[in-house]
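Data first, discussion second: the structure below is written as structure tokens.
The values are calculated or read from the model by the stated rules, or taken from the named source; none is laboratory data. The shown structure was predicted, so the numbers you read here are calculated from the model rather than taken from an experiment. Methodologically, a virtual Cβ is constructed for each residue, glycine included, from the backbone with ideal geometry; neighbour enumeration extends over all protein chains shown.
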């Protein structure tokens, strides 16, 4: 109701009071008439306002079906219409959030498929080339064996890539769930050391492990995978004669593992990105695809843990892994 209506009602009320003072019966009739007119007028105005608001809501619902990003008007209505308006806006907000999440998932899957396609293109090209060479009729047995070994190596590389990329995508999508159980930390680390000793020996790097003999609640398979990826990364970037050391401590809050080397280190510009999928630092090996550390971080995060890296170019790198007690 606008100000002009209020002025008219006030004038009518004043006239009714004046008539009441001059002639009581006539005044009473006028007062009752004014009150009745006011109630009828107010009812008409309220009904028109309600219809207009419902029409606006219908228009909003019609348009938001085509564009979920359409902003909702300010909710100022009271009563049942206001409740209806508020609930409609809540539903639209929920649909908008679901639409955004679905769009994000589709973009993620598109990027992942593009990454997988890009990563396996090189080994597939190599396999195709080796296969063509094997088809040469005058190829000697030594060359044939050499090409067959290279094909086998590239098939293994593709298998490793696909397995790790699918694991990484499952972790990032929250589909792969950890299965925590009580495991012996020292026993797991001895297993990891045994698996990586040959690699360290070939590189001329000493691998030292000194962790407490304690129990840890974690998924042994996946935590082992994460720690192996970190230690392998350290071995790969440590020069001959260098060392990689793994140590651990335990308190009431968490089990902390420190993995450090005295290798080539990581540059200041690369350090913030080393846990990103497919990121390759300047000193990465040509064979690296940049998913080992990303996979490790996601596995550790799935254990409600954390990982941090400190490094100085030319002086080595230190990774700190914390698995919190639950």
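Details
- Count - residues of region 286-314 that are at pLDDT 90 or above, more than 19 Å from residue 232 (Cβ to Cβ) and surrounded by fewer than 17 Cβ atoms within 10 Å (Cβ to Cβ): 2
- Of the residues 196, 207, 216, the single one that is within 27 Å of residue 279 (Cα to Cα), outside any helix (DSSP H, G or I) and assigned by TED's automatic domain parsing to the domain that holds residue 239 is 207.
- Which numbered condition residue 159 fails, given (1) assigned by TED's automatic domain parsing to the domain that holds residue 303; (2) assigned to a helix (DSSP H, G or I): (1)
- Residue 235, sole failed condition from (1) part of a strand (DSSP E or B); (2) over 19 Å from residue 254 (Cα atoms); (3) in contact with a helix residue (DSSP H, G or I) (Cβ under 6 Å, 6 or more places away or on another chain): (1)
- All of (1) in contact (Cβ under 8 Å) with a residue 40 or more places away in the chain; (2) within 25 Å of residue 325 (Cα to Cα); (3) within 23 Å of the chain's Cα centre (by Cα) hold for residue 278 with one exception: (2).
- Condition check for residue 223: surrounded by 13 or more Cβ atoms within 10 Å (Cβ to Cβ), modelled with pLDDT of 90 or more and either in a strand (DSSP E or B) or touching a helix residue (DSSP H, G or I) at 6+ places or on another chain (Cβ under 9 Å) (or both): yes
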